[in-house]
Structures are given as structure tokens and as C-alpha cells.
Amino acid sequence: MIEKLDQVFILLRDWLVQFLPADWQAIAATVLNVIAIIAVFPTLFAIVTVMERKGLGRMQNRFGPNRVGPFGLFQPVADGIKALTKEDVVPLCADTVVHFLAPLVLVVAVFMGFSVLPMGRNMVLADMDAGLLFFFAMGASTELSVFMAGWSSRNKYSLLGAMRAVAQMISYEVPLLMSSLAAVMTAGSLSLSRIVDAQNRYTFGLPHWYVFTPWGFAGLVLFSIAAMAETNRSPFDLPEGESEIVAGYFTEYSGFKFALFFLGEYVGMFSIAGLGATLFLGGWSAPLAILKWVPSWIWFFGKLMVAMCLFIWIRGTMPRLRQDQLMNFAWKFVIPMTLVNLLVAALWRFIGPGWTRWVVCWAILIGVYVLMGETILRKRHLGPRSYRYAE
Amino acid sequence: MTPVFCIVALFTLAGGLAAVTLKNTVHCALALTVALAGLALFFLRLDAQFVGFAQILIYIGAVAILVVFAILLTRSSEPEASGGIVSSRWLAGVIIAAAVFAVLGWAILRSAPALAHESAAPAVTVHQIGTALMGRYVLPLEIVALLLTSALIGAVIVAMHENGSAK
Amino acid sequence: MLGEGLLKGLAETARNFAGSFVSEERLTTVQYPEERVAPIENTRDFPFLVYDGDDWHAGMRCVACQICEKECPPKCIYIEKSKDKKPDFTGKPQIYPARFDIDISVCMSCQICVEVCPFEAIKMDTEFELSTTDRFGGLLLDKKQLSRSNEHYHKIHPTEAAEVDARLAEEKAKAEAKAKAAAAAKAAAPVAAPAKPAAEAGKPAAAPKPEGPAASPQKAAENKPESPAKAEQGGASGS
Ligand code: SF4
Ligand code: SF4
């Protein structure tokens, strides 16, 4: 029974597929998988938007949306109807084709990322050997769509937003990749389901998640920072800083295309949070051995939701960074830290089991962190800035 | 010559053609990414997952972005008024293109699969690639790494120099 | 240490988050259509025209001098003068606006029209629920829609309205005194004759007569000389 519940979606799919002729079954199964992904994540998007708005409201001591439906739960429906019925305005001098393609490229690339994420036991669309690489390849393609959107709008704010977004994404892609490399190194595989399997073991009822190792913890923190920057979330939301450049690269989008951008942003967040959970939090594995009977997909989506709450919490807390702070933070703190972390992960592997590796690894990480933190704090540039071109 | 191959080839060729014929440089760059994506699909069709994804990650994710950045930072994206698309130094271009084509063709014709005339899909895993890179090809890898590092340092120095005494 | 401030901030927001469920006092907002906060006295949004007495048209203070029309930065006031005259609050016959429209979809609530009006005829309202389903012209209010009684003014801005009333009463008293003096002077000798045209031309500050300038309060003395200059500037830059 419990087995069945765990595999309920797989069984449902197989049951549906069996009505078809044998030749079609494989294709139909894939199509059903894709449909499931395309149905689940936008729904999650709707839930998360209302969660975010209410959560942010509470953090600012107000109610948040509470008009549409009980407790404002139908707010996303109203938002959706509004977005769909709005006029789709395309600027007169916009590059129409590119302007039209940009949101499509974004949404397609973002959804492709899910195809390699294991969302439960046996629940992965394409278990590729180079799954992680595929994920990052798709993530990299979103940059292009952001650039396309900003450039084709022929709007200075859009272009500025796109430039900021691309510069930021390129800078933070390096730490994103390098922090996940630590997990890859330990698991010895680029396949995400293999990485989950490597963490799905228990000693004394506790899981072997990578986050419980020194390098795993540091890796998760660095990964989250880079992920937030990658998805343009606050405090790294410069590309769409309302107070400076209206809405950044999607300033000139309205109606459905705007909704697509919004969707792409959130779905990108889900996928990157899912990746973080897979790499460091054991993917779909249960947090305690005695909880193994709970269906695996519940754990995956639970971890996803926890990550979302964290994202919202951070958004409700931190002010936006300035461009130079953003770049300095990436190149002077996050990237060196990921390099050190990679080294620590290698050490962890070569020292072998025992208490020495705990001491050594923690000592290195904390030492470097404190040292670097001190230097950053000591010469933080709070004085007047020097401008290169605008004197 | 399966239909999928034809479609991908068509896309790649169209992207390449558009990249050299379009007037707007940013359009050219975007068309180039289409061609690069087509190449990535070819790699994937040949079961070379690693190379295919690396192609997408590096060429579409980084190189294409760098190209458009370079275009935006150095010149206006408006189509230039002067003349057609053929530059005055077309002869040099043709010679370089022919030379590159000749070298590539020569390399392909001499390579093992072309000589053997068979296409059994080689089951190369990422693991094997990693072992090869860290074992047999470690020297070339290190040389490339050194080259890239020096290029990076050079770029930083160039940027600092432009900044002058302001630092 | 690096990151300390971030953790403090996170703790603060977490406290707010949890606290907003526990104690109602923390919630600073009100549920607007059902609950409202009383507007503070200096609230202002869009201009209205003040009238005295009961009849909005007869009591309208505006004399269609068009100063506000010229001064309005976004140029959202449209005035046409009337051909005939009607008595103003002192009983003197004055022209009045045949048309006085304000496009409040353009108005930016700067209150400049109020500052420049020498006749206390235009003031700022506090009503803000003005949305309409008519996209074109629904927010172009004509003089009838713009008219509010002096009592309304007293209700929304009591202090300010009291000051204005005192000033107007003083002005009226002075005007009556002046009219009496003028009548007396006319009876005595024809020397005072130039005073009247000067006052009528609306330039009491420039008039050398001792009673003429005193008749208008400091407001007129301040505003009058600079207003035409501003208007000229505006006109020059506009053309
Ligand atoms: S408040 Fe300002 S914008 Fe509005 S009508 Fe008066 S002068 Fe014009
Ligand atoms: S300035 Fe005053 S009196 Fe003159 S037109 Fe405007 S509202 Fe009427």
C-alpha cells in the first residue's frame, strides 16, 4: 500500500498508457510526464505567489491580500484573469520577432530544467548521465532570453535591466556551478538521481545528506546565494529594480507576455531550489529513517516549499544591493569561498572517515570565512563613490 | 538522412546563413546562437551528451552573451547605411574560410570513423571523459588552463590600465 | 562578523511575521472600505470651488481672473469668462466663469492654484474616491461638480477656513469702509476719482492710495506682484 502511494503517479501513468497500442506507449508516457510537469509547476507558482504576498505582508505587519475568496486564497485566479485579459502592447519601434520570442525562449528553457530533476523515487523524466550539465545548460539559455527581451524592447530601462541581468547571471553562474561541483565530486556522478542515491543512506536513523558535512553546509549556503542571484530574487533583484529602472528587462511587456516572464521567474526559482535540494538535501529522501514510509514526492515538494519560504523570508528582510556591491560580493567573496569549499570537499574525501576530517574541514572553512569577512568589513566602501564617466 | 537530421541541419544552416547575411549585428549574433544550438543538437544526436550540453552551456550561455555584449558596448546596433553586406576585404575572408574548411575537412577525412565507415554509437560516459581528461590528456588540459588564466589576468590588466590612476 | 546583520534582520522579520498573528495591535493597516482612518487636517488632493451661501452659482467666489489657469503646471484648468456680471461677496458686480473645468486625471495636486488665487475661490478637497468607468471625460469636472459650500470647507479644513473667513470679513469691512469713504470723497471733491479705476483693475498693491492697498490683506500684496511675472515666464517657455 505504502509502496503504491509512493509510486502513485507512475502507476497512474502506466494505467493510462496501457489503453494505447504498444507502439505508442513510450511516447504517450513521455507526453504524460511533460504534461504533469507543465501542470504542477504553474499551480505551484500560483500558490507561491499568494504565499509570498501574504508572507511579505505579515513581515511588514499587514494582512496581505485577503479579499478574493476565503483569506484571499483566490488572488492568483484574479491575477491570472487580469493578465490574460489585458491588452498586449508592443512598442512601436520594438523588434517584433525578438520581442515575441524572448518570453517563449525563457519559459521553454526554464521548464526544460525540470526534465532531469528527480522529484521522487523513479520520478525523473530523463535520467541523463550528464543531468547536471543539462540543467546548467538550460539555465544558461535563460540569459539569452533576458537579453533578447531587454534589447528588442528599444527602451533604455529595458536595455539597462538586461545588461544588469546578464552581468549578474554570468557572475553568479560561476559560484553556482562550483558549489554544486563539490556534491558532484563526492557522489562521483553528474546524474542527479545518482547524487540522490548517494545521499539516501542512513546511520543511526540520520540521513547522509551532504548538508550535514562541513563542505555541504557551506556549499548549500553558497549555492543559495548564487541561486538567488541567478533567479534575480531580492536582494539581488537589480535587473528589475522598480525604483531605478521601472521593471528592468520586461518593462515593455504587458498582458500575457508579462505573465510568462513572471511565470518563468518563479518556475526558474522552483527548478533551482529543486536542484539545491537534490544536491545537498538528499532530493526526495526522507530526513529520518523512520519517516521513510512517507511518499518520496512529498519530501521533494516539501523541501521545495521550505526553500520558497526561505526565499520569501529573505526577500522580506534584505534591501537591494548596489551594482558594485553585487559584483564585489560575487568576485571577492562568493567565488573564493566556493574555491575553498571545493578544496575542503577534496580534503574531506582524502582524509577519510574519522573525527580529524571534521575538525580540519570546519577549521579551514570557518577560518577562511572569518578572515574574508574581516577584510570585507574593514574596507567596506561607504564613502562617496567615484564615478568614471559621470563626473 | 533521417527527417530529424534534415530539420536540424536546415535550422543550423539557416542560422549560419542568417548570421552572415542579416544587416543588424545583434540579429546576426542571435542567428549565430541558432546555428550553435543546431550544432549542439547534432552532438546530442550522435550520443555525445557531454559535448552537446557543454556546447549549449558555453556557446549559448557564455559566448553568445559575450558577443552581444561586445556589439552593444562597441558600436551602435543600428544597421549601417553604407553599402551591402560584402566587406571590402572579402578576399581575405574567403581565403581564411577556405583554409579553415580545408583543415577541418582534412581532419575529418583522416579520423578513425571516416576511415572505418561505420557508426556504432560509442558509449562514452561522463566518467570516462573525466578519467581521460585527468589521465591521458592532463598536460593539454593544464596548458589550456594556464592559457586561460593568463588571458584572464591580461584582461584585468587591460581594464585596470584604462581606469588610470582612479583604481 | 560578516553576516551578523543579516541574521539580525532575519530575526526581526521573523518576529514581525509571528507577532502579526499574535497581537492585533501590530497590524498597522486598516481594512479600507469597511474601516477608514479620519483624514488629517492638512490632507489635500484635488481643488474645488468655494461658494458662499446656499446657491452655488450666485455665491461662487471665483471671478474668472484666470490666474490659476495660467499657473497650473500641467495646465489642467480650463476657464472661459462670462459676458455678464454678477455681484461677488462684497456686492460688487464681477464677471464669473462661464466655464470652469479641471481635468483631475491630469491634476497633480500641487495646490499652486490655491496659492495664487487672490479671491480665496479655489481650495483643496479631501475626497479621493473619484474613480469612474468613463475613461474619456469622466474625470473632467465642470464648475457645478467642482462647487462646494463654504461649510464643506469648514468641515474639512477648519483652521484654514476660519482664517480665510476672518480675512474675507476684514476685506469686506474695509471695502465697505472704502466705498463709504469714496462716496464721501466724491461728495467732497473729485480728487479720489483715480483710486477707483485702480482698484477695479485689480492692482490695489500698486495703487498709491492709502486706503486702496490696505483694503487687500497681505496675501494680495505678496502674490500680486509676482504672479504676472510667473505667468509671463510660463508663457515664454511654453511658446
Ligand atoms: S492643484 Fe496644481 S495641478 Fe491641480 S489644478 Fe491646481 S494648480 Fe493645477
Ligand atoms: S485664480 Fe481664483 S478667482 Fe481667479 S480664476 Fe482661478 S479660482 Fe477663479
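Brief remarks follow.
- Helical segments meeting 20 Å axial Cα length and Kyte-Doolittle 1.0 threshold in chain A (DSSP H): A:22-59, A:96-112, A:131-152, A:214-230, A:255-280, A:296-317, A:335-351, A:355-378
- Selection from C:I95, C:N16, C:I77, by position along the positive dipole direction of the protein assembly as shown (Cβ): C:N16
- Note that the protein assembly as shown presents 56 Å² accessible area per residue, ligands and nucleic acids not counted, probe 1.4 Å.
- According to the calculation over all Cα-Cα pairs in region C:122-164, the P(r) per 10 Å bin from zero is 23, 46, 24, 7 %.
- Evaluated at q = 0.08, 0.10, 0.11 Å⁻¹, a Debye calculation over the C-alpha positions of chain A (equal weights, vacuum) places log10 I(q)/I(0) at -0.47, -0.73, -0.88.
- For the segment C:6-16, counting C-beta atoms of other chains within 10 Å of every residue's C-beta and taking the mean gives 4.
- Chain A - mean residue ellipticity at 222 nm from DSSP helices (-39,500 (n - 2.57) per run, n ≥ 4, rounded to 500): -22500 deg cm²/dmol
- Peptide B:55-62, shielding by other chains (average Cβ, 10 Å cutoff): 6
- Among A:I38, A:I290, A:I47, residue whose mean-square fluctuation peaks in a GNM of chain A (springs only between Cα atoms under 10 Å): A:I290
- Dipole magnitude for chain A: about 1140 debye, using +1 per Lys or Arg Cβ and -1 per Asp or Glu Cβ, origin at the Cα centre.
- Using the average count of surrounding beta-carbon atoms within 10 Å as a protection proxy, the listed peptides A:103-114, C:69-80 rank, highest first, as A:103-114, C:69-80.
- Against the rule of thumb 2.2 N^0.38 Å, how large the Cα Rg of the protein assembly as shown comes out: 1.31
- Spacing of the modelled spin labels on C:A188 and A:V294, each 7 Å from Cα toward Cβ, amounts to 10.2 nm.
- Environment charge of A:A28, counting only residues whose C-beta is closer than 15 Å and scoring Lys/Arg +1, Asp/Glu -1: -1
- Cα lying deepest toward the dipole's positive end in region A:90-378, options A:M128, A:P287, A:F270, charges on Cβ: A:P287
- Those residues of region A:194-231 whose amide nitrogen sits under 16 Å from the label point placed on A:M185, 7 Å along Cα→Cβ: A:210-211, A:213-223
- The residue list B:Y59, A:L44, A:T30 was ranked by how far each Cα lies along the charge dipole of the protein assembly as shown toward its positive end, using unit charges on Cβ atoms, and B:Y59 comes out on top.
- Links that overshoot a 21 Å alpha carbon limit, given the list C:K70/C:K123; C:K92/C:K186; C:K86/C:K144; A:K303/C:K8: A:K303/C:K8
- C:M1-A:R67 pseudo-label distance in nm [points 7 Å out on the Cα-to-Cβ vector]: 4.7 nm
- Electrostatic dipole magnitude of region A:249-391 [Cβ: Lys, Arg +1; Asp, Glu -1; Cα centre; debye, to 20]: 260 debye
- One quarter of the surface of the convex hull around the alpha-carbon atoms of region A:140-224 equals 6.7 nm², the direction-averaged projected area.
- If the segment from A:V34 to A:T96 were pulled out straight at 0.36 nm per residue, it would be longer than the present Cα-Cα gap by 19.4 nm.
- Label-point separation, A:M372 to B:R136 (7 Å along Cα→Cβ), nm: 3.7 nm
- Interface between chains A and C: roughly 1800 Å² of accessible area buried, both sides summed (probe 1.4 Å, protein heavy atoms only).
- FRET efficiency, B:A97 to A:I10 (Cβ-Cβ, R0 56 Å, nearest 0.05): 0.60
- Region A:277-366: chymotrypsin sites (Phe, Trp or Tyr not before Pro) in DSSP loop, at most 11 other beta carbons within 10 Å: A:W293
- Loop-located GluC sites (Glu not before Pro) in region C:21-63, at most 14 other Cβ atoms within 10 Å (DSSP): C:E34, C:E35, C:E41
- Theoretical FRET efficiency, 1/(1+(r/R0)^6), r = Cβ-Cβ of C:A98 and C:I40, R0 51 Å, to 0.05: 0.90
The values are calculated or read from the model by the stated rules, or taken from the named source; none is laboratory data. Keep in mind that this is a model prediction, so the values were computed, not measured. Quick reminder, even Gly has a Cβ in these numbers, built from the backbone with ideal geometry, and neighbours come from all protein chains shown. With ligands, DNA and RNA removed, areas are computed over all heavy atoms of the protein, side chains included. Shrake-Rupley method; radii C 1.70, N 1.55, O 1.52, S 1.80 Å.
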